[in-house]
Amino acid sequence: MVKSVCGYCGVGCGLEYNIDTLKGNKAYPTNSGKVCQKGVSELVSMQPDTRLLKPLARNSIDEDFTQTTWMEAVKQIAKKIKQTSKEKIGFYLSGQLLTEDYYIANKLGKGFIGTSNVDTNSRLCMSSAVVAYKKTIGADFVPVRMKDIFDANLLILAGANTAEAHVVFHNHIKKAQKAGLKVVVIDPRETQSAKDADMHLAIMPGSDIDLFNLISKRLIDEKLYDKEFVDKHINNFHELKDGLTFADTDKMLKRTGLSKREFEDFFELYKNSQNIITAWTMGLNQSVQGVDKNIALINTHLLTGKIFKKGNGPFSLTGQPNAMGGREVGGLATMLAVHLGFDKQSVKKVSRFWKSDNVANKEGLPVTKMLEADLDVLIICHTDPMYHLPNRHKMQELIKKIPLVVEINAYSNSQTAPYAHIRLPASPWGEKEGCQTNLDRTMTKQEQLVDKLGQSKADWEIFQLIAQELGYKEAFDFKNVKEIFNEYKEMTKLNAHMDIYKVDYDNLRKEAFIWGEDIHNFLTPDKKGNLFFVHNQELSEQVCDKYPFILLTGRTRDQWHSGTKTNLADSLLKYKELNFCEINSDDAKSLDISNGDMIKVISKRGELKTTAVVTKTMHKNCIFIPISNKEINFLTLDIYDKESMEPDYNHSCINIIKL
Ligand SMILES: Nc1nc2c(c(=O)[nH]1)N[C@H]1C(S)=C(S)[C@@H](COP(=O)(O)OP(=O)(O)OC[C@H]3O[C@@H](n4cnc5c(=O)[nH]c(N)nc54)[C@H](O)[C@@H]3O)O[C@H]1N2
Ligand SMILES: Nc1nc2c(c(=O)[nH]1)N[C@H]1C(S)=C(S)[C@@H](COP(=O)(O)OP(=O)(O)OC[C@H]3O[C@@H](n4cnc5c(=O)[nH]c(N)nc54)[C@H](O)[C@@H]3O)O[C@H]1N2
Ligand code: SF4
Ligand SMILES: [Mo]
């Protein structure tokens, strides 16, 4: 039996592999050993007919691909990198890469080529939370663990559908509910999580800042906040208080769409709950005011002192399996490495550590800006930008202008492949090994279970080949994953709050390591938490006569994003149709649409055809299309939060026509 870990979501369930079967590992993270359908199907997803198994190349995207050798492909990439200036090179990484892959890619890009244009799809996912955590508590640090829900009295899930997106964690929540935990879901849709909750607040999309501000205002007005804690540990109380004093509460409540009764019932529960965890995911992060939404939420915890205490805290639920690990390494263009920024001292430390005089010294392009930056070389690894970026028609035109697009993928059916010049075959889950950090700082290790298929290589090996071809032989001479991890682990000593240097790599095979367990204080320079007054600026696209509905997008339980691994013919994984659109029954009636009708959904940017699912549980004037519909982003709008550069995926305006 070999112990490994699931490579899908941020829960990071342990798996046990035996000859050719997979099952949950009882020891981690549950004691029941239950995993979801995606986890047990990891082996099925490795099937060869959709795999990319050899390097392919072509001169222009109008030509067909022809097979090439690794040596030829890598030479061509290195040649182009040498010919161009470092500002014109971009690395587009992924929260699904393993820590060692991320480390090598970041070291090559920021450390040796000297470009800080090394960013990751976490930009579309967690970057609002990263910025907000840094501003309020001083570092990109998640101060809550999953098991804390068993010590909490109230769990608020804001814009998070754990029932479909963090399945095993959701099972823990249900268990905790049986022991007395109350759960409130804040989501315009009546999701499965909302159905399982004790209370559902079906707010209007985009109104979370209003709701959390209403809570903060009441806490202050009724002196329910923790004065002693605030006096001792918190900055900016008066700025927040003053801001809220002048806020129009009727207007705020109206924007949420909730009745006074609904809010009062909720607040009653809130003020009587001793231990509170507020967890959130894409409903908050993916917003033109994603950072502000996060801050409004975190404010409530700083006011009440419900942070750094068992069963309490603001809990960002990371989506991808190693998005957190990638951020630790330095996978975002806004950080250098090991949570260090681009200040002089950090650059000096990192230069010394990597023995390089070419380390990037300023922030680089976020992935949401890379395509319009006139790049010469774009290396995309373990992610599918043509599927996931908003305003897809525009993005397709932009990527066509990049002279060399390299796609590193384990599968052949991505949406980005048609725009690549070189495609390199990666070895997926089960054919490679390496570490990941899940959503609550738990580090685990994926094991190689079977031989690599075809000519595929592990992602780190591919970046190392490019580095060596560029002449960085000494700095990229790793024989195996353990050597890379040990160098990374040593590097974490450069940052005082990272205790990852304590990990014993061989021991990770047997048991998980949780970093940051000794952190119980703010990580800001003055060791105090920072409140900020934020308000809803209503910056999203506004409905109008021509586009009167708001499009919400999100997950379905058994599908993973673009579906290259999960949308398989004859798959076990199709519990829900992929191509559907939920619409409120009153809205459907007014449009003469019945359940099962074919409809066209149109935005200013594009359109798609789908099947109507008419339901009473959908928020009026909103529709929902799952992101397992690969065409979803033809509809969405490319406006971004100005600090996190995360897209406003959930608030595009659309029209519907019955076909
Ligand atoms: N409208 C809308 N758009 C969204 C979102 C939304 O909610 N709404 N969510 C956003 C979010 S949060 C995210 S995280 C993104 C996700 O978007 P993507 O990251 O584009 O989605 P995936 O389909 O998971 O892409 C992973 C790719 O890696 C490939 N792959 C699998 N294993 C390996 C491997 O071992 N190595 C390599 N090199 N490749 C491999 C897969 O075949 C697949 O093509 O989408 C974003 N886009
Ligand atoms: N099965 C499955 N699981 C996954 C993934 C997958 O592809 N498939 N992807 C993983 C990844 S990368 C991520 S990031 C996570 C995402 O995890 P979640 O964010 O929990 O998943 P979503 O389905 O995107 O849910 C977002 C919810 O926010 C709601 N929402 C939209 N706008 C607003 C708003 O303005 N306010 C509020 N309060 N709510 C709003 C939507 O209705 C939706 O229910 O899931 C991870 N887990
Ligand atoms: S809950 Fe997440 S980590 Fe656990 S088995 Fe399912 S997809 Fe894998
Ligand atoms: Mo994500």
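If a residue must be crowded, with 20+ Cβ neighbours inside 10 Å, over 25 Å from I514 (Cα atoms) and free of Cβ contacts under 8 Å to residues at least 40 places away in the same chain, how many such residues does the range 147-184 contain?
Summing the residues that are crowded, with 20+ Cβ neighbours inside 10 Å, over 25 Å from I514 (Cα atoms) and free of Cβ contacts under 8 Å to residues at least 40 places away in the same chain in the range 147-184 gives 1.
Is one or more of the residues making up the range 495-505 assigned to a helix (DSSP H, G or I), under 20 Å from D101 (Cβ atoms), assigned by TED's automatic domain parsing to the domain that holds I77 and out of contact with any Lys or Arg (no Cβ under 8 Å at 6 or more places or on another chain)?
Within the range 495-505, none of the residues are assigned to a helix (DSSP H, G or I), under 20 Å from D101 (Cβ atoms), assigned by TED's automatic domain parsing to the domain that holds I77 and out of contact with any Lys or Arg (no Cβ under 8 Å at 6 or more places or on another chain).
When both residues are 6+ apart or on different chains and their Cβ atoms are under 6 Å apart, which pairs have a first residue that lies in the range 470-486 and is assigned by TED's automatic domain parsing to the domain that holds E328, and a second that is β-branched (V, I, T)?
F478/I484
Rundown of residues vs (1) within 16 Å of ligand 1 (Cβ to nearest atom); (2) in contact with a Pro (Cβ under 9 Å, 6 or more places away or on another chain); (3) over 25 Å from P143 (Cβ atoms), yes/no style:
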{"position": "L531", "(1), (2), (3)": "no, no, no"}
{"position": "Q537", "(1), (2), (3)": "no, no, yes"}
{"position": "D545", "(1), (2), (3)": "no, no, yes"}
{"position": "P548", "(1), (2), (3)": "no, no, yes"}
{"position": "R557", "(1), (2), (3)": "yes, no, yes"}
{"position": "S562", "(1), (2), (3)": "yes, no, yes"}
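Tell me which residues, restricted to the range 398-455, are open to solvent by less than 10 Å² (accessible area, probe 1.4 Å), over 27 Å from C13 (Cα atoms) and part of a loop (DSSP other than H, G, I, E, B).
I402, T416, A420
Suppose the filter is without any contact (Cβ under 8 Å) to a residue 24 or more places away in the chain and either surrounded by fewer than 20 Cβ atoms within 10 Å (Cβ to Cβ) or part of a loop (DSSP other than H, G, I, E, B) (or both); does N521 pass it? Let's see the steps before the verdict.
Numbers: without any contact (Cβ under 8 Å) to a residue 24 or more places away in the chain: no; either surrounded by fewer than 20 Cβ atoms within 10 Å (Cβ to Cβ) or part of a loop (DSSP other than H, G, I, E, B) (or both): yes.
No.
With the condition kept exactly as written, say whether any residue in the range 618-630 is more than 16 Å from ligand 2 (Cβ to nearest atom) and either surrounded by 14 or more Cβ atoms within 10 Å (Cβ to Cβ) or in a loop (DSSP other than H, G, I, E, B) (or both).
no
Would you mind telling me which numbered condition in (1) within 18 Å of the chain's Cα centre (by Cα); (2) open to solvent by 10 Å² or more (accessible area, probe 1.4 Å) K348 fails?
(1)
Can you find a residue that is among the polar types (S, T, N, Q), open to solvent by less than 10 Å² (accessible area, probe 1.4 Å) and more than 16 Å from ligand 4 (Cβ to nearest atom) anywhere in the range 534-553?
Scanning the range 534-553 turns up no residue that is among the polar types (S, T, N, Q), open to solvent by less than 10 Å² (accessible area, probe 1.4 Å) and more than 16 Å from ligand 4 (Cβ to nearest atom).
Considering the range 264-285 alone, what residues qualify as being over 19 Å from K642 (Cα atoms) and open to solvent by 20 Å² or more (accessible area, probe 1.4 Å)?
E264, D265, E268, L269, K271, N272, Q274, N275
Could you identify the single residue in F267, F237 that is within 25 Å of D151 (Cα to Cα) and either at pLDDT 95 or above or away from ligand 3 (no atom under 16 Å from the Cβ) (or both)? Give the derivation first.
Values: F237 fails: within 25 Å of D151 (Cα to Cα).
Answer to the selection: F267.
Working only within the range 216-227, note down all residues that are in a helix (DSSP H, G or I) and touching a residue at least 60 places away in the same chain (Cβ under 8 Å).
S216, L219, I220
When you check F91 against the structure, is it more than 16 Å from ligand 3 (Cβ to nearest atom), in contact (Cβ under 8 Å) with a residue 12 or more places away in the chain and in contact with a Phe, Trp or Tyr (Cβ under 6 Å, 6 or more places away or on another chain), yes or no? Reasoning before the result, please.
On the way: more than 16 Å from ligand 3 (Cβ to nearest atom): yes; in contact (Cβ under 8 Å) with a residue 12 or more places away in the chain: yes; in contact with a Phe, Trp or Tyr (Cβ under 6 Å, 6 or more places away or on another chain): no.
Spelling it out, it is not the case that F91 is more than 16 Å from ligand 3 (Cβ to nearest atom), in contact (Cβ under 8 Å) with a residue 12 or more places away in the chain and in contact with a Phe, Trp or Tyr (Cβ under 6 Å, 6 or more places away or on another chain).
Which condition number in (1) in contact (Cβ under 8 Å) with a residue 40 or more places away in the chain; (2) open to solvent by 30 Å² or more (accessible area, probe 1.4 Å) is the one that G7 fails?
(2)
Just to check your reading of the model, which residue among D265, D357, D292 is over 25 Å from the mean Cα position of the chain (by Cα) and in contact (Cβ under 8 Å) with a residue 60 or more places away in the chain?
D265
So, in the range 74-107, exactly how many residues are surrounded by fewer than 24 Cβ atoms within 10 Å (Cβ to Cβ) and assigned to a helix (DSSP H, G or I)?
Residues that pass the stated criteria total 13.
Would you mind finding the one in G39, G33, G14 that is more than 16 Å from ligand 4 (Cβ to nearest atom) and on the phi > 0 side of the Ramachandran plot?
On the way: G39 fails: on the phi > 0 side of the Ramachandran plot; G14 fails: on the phi > 0 side of the Ramachandran plot.
Selected residue: G33, the only one of G39, G33, G14 that is more than 16 Å from ligand 4 (Cβ to nearest atom) and on the phi > 0 side of the Ramachandran plot.
When you scan the range 128-146, how many residues do you find that are open to solvent by 20 Å² or more (accessible area, probe 1.4 Å) and either touching a residue at least 12 places away in the same chain (Cβ under 8 Å) or not in a helix (DSSP H, G or I) (or both)?
Going residue by residue through the range 128-146, those that are open to solvent by 20 Å² or more (accessible area, probe 1.4 Å) are 131, 134-135, 138, 145.
Now restrict to residues that are either touching a residue at least 12 places away in the same chain (Cβ under 8 Å) or not in a helix (DSSP H, G or I) (or both): 131, 135, 138, 145.
Counting residues in the range 128-146 that are open to solvent by 20 Å² or more (accessible area, probe 1.4 Å) and either touching a residue at least 12 places away in the same chain (Cβ under 8 Å) or not in a helix (DSSP H, G or I) (or both) gives 4.
Restricting the range 1-42 to residues that are under 19 Å from L98 (Cα atoms) and among the small types (G, A, S), which is farthest from ligand 3 (Cβ to nearest atom)?
For the range 1-42, the residue satisfying everything is S4.
Considering only residues that are over 20 Å from P314 (Cβ atoms) and either of a type in the set (F, W, Y) or within 15 Å of ligand 3 (Cβ to nearest atom) (or both), which ones fall in the range 157-195?
A163, E164, V167, V168, N171, K174, K175, Q192
What do you reckon, is T318 of a type in the set (S, T, N, Q), within 16 Å of ligand 2 (Cβ to nearest atom), touching a residue at least 40 places away in the same chain (Cβ under 8 Å) and open to solvent by 10 Å² or more (accessible area, probe 1.4 Å)?
No.
Of all residues in the range 185-229, count the ones that are at positive phi and open to solvent by 40 Å² or more (accessible area, probe 1.4 Å). Give the steps one after another, and end with the answer.
Taking the range 185-229 first, the residues at positive phi are 206, 223.
From what is left, the residues that are open to solvent by 40 Å² or more (accessible area, probe 1.4 Å) are 223.
The total comes to 1.
Any residue at all in the range 83-93 that's over 30 Å from V130 (Cα atoms) and either away from ligand 1 (no atom under 16 Å from the Cβ) or of a type in the set (S, T, N, Q) (or both)?
Yes; the residues of the range 83-93 include at least one that is over 30 Å from V130 (Cα atoms) and either away from ligand 1 (no atom under 16 Å from the Cβ) or of a type in the set (S, T, N, Q) (or both).
Here's a check for you: in the range 286-300, which residue that is among the small types (G, A, S) and in a helix (DSSP H, G or I) is surrounded by the fewest Cβ atoms within 10 Å (Cβ to Cβ)?
A296
Which is within 16 Å of ligand 2 (Cβ to nearest atom) and hydrophobic (A, V, I, L, M, F, W, C), of V367, V377, V359, V405?
V367
Report, by residue number, each residue of the range 631-653 that is part of a strand (DSSP E or B) and closer than 17 Å to C125 by Cβ.
Correct list: Y640, P647.
Could you tell me whether any residue of the range 230-252 is in contact with a helix residue (DSSP H, G or I) (Cβ under 7 Å, 6 or more places away or on another chain), free of Cβ contacts under 8 Å to residues at least 60 places away in the same chain, closer than 21 Å to G159 by Cβ and crowded, with 18+ Cβ neighbours inside 10 Å?
Just the residues of the range 230-252 that are in contact with a helix residue (DSSP H, G or I) (Cβ under 7 Å, 6 or more places away or on another chain), to begin with: 230, 234, 237, 240-241, 244, 247, 249, 252.
Still in the list and also free of Cβ contacts under 8 Å to residues at least 60 places away in the same chain: 241, 249.
Among the residues that remain, those that are also closer than 21 Å to G159 by Cβ are: none.
No: zero hits.
The values are calculated or read from the model by the stated rules, or taken from the named source; none is laboratory data. Everything numeric in this text was worked out from a predicted model, so none of it was measured. Positions of Cβ are backbone-derived with ideal geometry, glycine not excepted, and every protein chain shown enters the neighbour counts. Side chains are part of the model used for accessible areas, which takes the heavy atoms of the whole protein and leaves out ligands, DNA and RNA. Shrake-Rupley method; radii C 1.70, N 1.55, O 1.52, S 1.80 Å.
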